[in-house]
Structures are given as C-alpha cells and as structure tokens.
Amino acid sequence: MLLSVIVPLYNEEEIVEKTFTVLEEELKNVEHELIFVNDGSKDKTREILERLLPSTPYNKIVNFSRNFGHQAAFSAGLDHAEGDAVVIIDGDLQDPPSLIHEMLEKWREGYQVVYAQRNKRAGETIFKKFTAFAFYRIIGKLTSIDIPPDTGDYRLMDRCVVDQLKNLPERSRFLRGLVCWVGFKKIGVKYDRAERTAGTSKYPLKKMIRLALDGITGFSSSPLKISFYMGILTALIGFGVFIWSILEKFLSPETTVPGWASLMTAIVFFSGVQLMTIGILGEYIGRIYDEVKQRPLYIEDKK
Ligand code: UDP
Ligand code: MG
C-alpha cells in the first residue's frame, strides 16, 4: 500500500524544511511519497526543496511557472499522485500530521474519504474565524450537496475518489465541494487546529473571497434565482401602488398631481416584469452552466 501526501507551498521558505522532516518522521513506518507542489513561490522554497529531496528519491516536487493558487496546486498533486490513498495537507503544519494515522485506520475500515474536522482554531483572528464560520453555514444552506462544516482541505481520499476527481474537467475548482459531490463513504475525524509554525497566512481576504465565490457558484445556482423572486415582490408592490394611486386619485383629487398614478404604476409594474424575465434567463443560464461543467451524470462505487 502506497500513501501519497500532497503539500502545496507558496512562499513557505521558513517552514518547508520543518514540514519535510516532520512528515518524514511521522510516516517512517508507512510506504509513502510526498508531493510538494511549489505554487510559484518567489522566495527560496524551491531551492530548499531541491536541496532536501535528493536524499529521499521517492518524493516529488512539482514546480508551477507562477502562482496558480492553492486549489490548482491540489489538482496538480492529484495528477502526480500514485498512491492507493492520497492525503492533502497544508504546508504550514497547522494541521497535525499525526492525524494521518487515524485517517489511515478509518480508510482500512472501508471509508473512502476521511476528512479532518476542526474543533478549535488557534492563533487565527476573530475575523477569520467568523468569516469561516459564516461561509460554511451559508454554503450549507445554498447548495444541495452536504459539505461538512468546519473542514478544510486536510483529508484522506481513496484512489477511486481521486480518479473521479481527475475526471471532472471544470475550471474553477473548489475541492472540498467536489469531493462531496463525487460521493462515496465518508467520515470525519476531529482535531484542534494549531497555529502556523512560522510565516504568515498566504490567504489574504481577496483569495478567501474568490474561494468562497467559487464554492458558492460552483455548487449552487440560487443566486441566479434572486432576481426572479425580487421580480415577483416588485410586481406585488406595483399592484399595491396601483390600487393606492387609484384610491388617492378618487378620494383626494385636488392634491394628486395629474399623471402620478399611471406613471408610478407603470414604473413599478414594468420593473417587476423585467426582473422576472431576468430571473427566467437566470434559470437557463444555470442550466447552461451545469452543462458546461461536464460533470458525469452519476458515479458508480465499484468496490
Ligand atoms: N498556498 C498555495 N498557494 C496560494 C496560497 C497558499 O499553495 O496561492 C498554500 C500555502 O503555502 C499553505 C496552504 O496553501 O501550505 C494553506 O495556506 P495558508 O496557511 O496561508 O492558509 P490559511 O491556513 O491561513 O487558511
Ligand atoms: Mg495555514
């Protein structure tokens, strides 16, 4: 049995060496390969990796030509992984590598996806904790697949899951969602998330928002339906305004400006109609989007 461990790295010169030694130490009794995906780091990450790796010829480095992002790094790792089980783990040791043994145990019991679920997050700002909390709740409400709350990308996947993921051609990849989408037997293991060992987060707000949007738009077309519901609401309000302006015209004709009633009614009514039509277009765009993603219609569990 071979275990592949994918580690994305972006400007992590302060910790690569430590990550490498900790992982090697942790996995010394498991046949494994480490796949370091250097996501276009501008610092010494690449040099350090190239110095470290020759002593362990089974490990791999994948160097990107520029920064393509965390999720792309995972995809590259999956493409290069040869293991029967694949673990993806952040390179900053925030996720304890010792958990891998527990994941392997679950995997041997027959679970095909074992995700790590965080109890606590140490050393992260209240803002990050709050946005993460809100994000998992919102995506849970908006989408039909159940993404387990408070799980990051740290997880173990069976070969069959990895092969299915590689089959999904879509561009904006939100791996956590895709793993849920492909299905299979899943279980979570709980852990406390530690602080970063060194360096700073490589996930500024901009990247976080992009990830959140990829997650929501990739798995839900509810935002496209907003204008339809707003249209219905506006049209109802339009009807109310219509009644009111007619009443006003007859009850107090001396104070009503001529033309007000018809103008008001027309504006509100047609706004409603327009929004509803946009909503209908949204329904079709949602379907086109589903087609374009080219996900398979179903996936068989051939175990
Ligand atoms: N990372 C990456 N490409 C990026 C941003 C981050 O490969 O564009 C890597 C980073 O080196 C780290 C992991 O993704 O190993 C998680 O990033 P980080 O720890 O900054 O995220 P946080 O834990 O703050 O959410
Ligand atoms: Mg981190």
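What the table shows:
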{"quantity": "Hits in segment 180-199 - residues which are open to solvent by less than 40 Å² (accessible area, probe 1.4 Å), touching a helix residue (DSSP H, G or I) at 6+ places or on another chain (Cβ under 9 Å) and farther than 24 Å from Tyr111 by Cβ", "calculated": "Ala198"}
{"quantity": "Verdict on Leu3 being away from ligand 1 (no atom under 12 Å from the Cβ), open to solvent by 10 Å² or more (accessible area, probe 1.4 Å) and of a type in the set (A, V, I, L, M, F, W, C)", "calculated": "no"}
{"quantity": "Members of segment 27-49 found to be within 16 Å of ligand 2 (Cβ to nearest atom) and in a loop (DSSP other than H, G, I, E, B), listed by number", "calculated": "Asp39, Ser41"}
{"quantity": "Looking only at segment 50-87, and only at residues there that are touching a residue at least 24 places away in the same chain (Cβ under 8 Å) and either in a strand (DSSP E or B) or among the basic types (Lys, Arg) (or both), the one that is surrounded by the fewest Cβ atoms within 10 Å (Cβ to Cβ)", "calculated": "Arg66"}
{"quantity": "The listed residue being open to solvent by less than 80 Å² (accessible area, probe 1.4 Å), away from ligand 1 (no atom under 16 Å from the Cβ), closer than 30 Å to Ile147 by Cα and of a type outside the set (Ser, Thr, Tyr), out of Lys202, Lys225, Lys207", "calculated": "Lys225"}
{"quantity": "Residue among Ala261, Ala235, Ala266, Ala212 that alone is farther than 30 Å from Gly91 by Cβ, of a type in the set (A, V, I, L, M, F, W, C) and touching a Phe, Trp or Tyr at 6+ places or on another chain (Cβ under 7 Å)", "calculated": "Ala235"}
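The values are calculated or read from the model by the stated rules, or taken from the named source; none is laboratory data. Values in this document were obtained by computation on a predicted structure and should not be read as measured data. Neighbour counts run over all protein chains shown; Cβ positions are idealised from the backbone, glycine included. All accessible areas refer to the heavy atoms of the entire protein, side chains included, with ligands and DNA or RNA removed. Shrake-Rupley method; radii C 1.70, N 1.55, O 1.52, S 1.80 Å.
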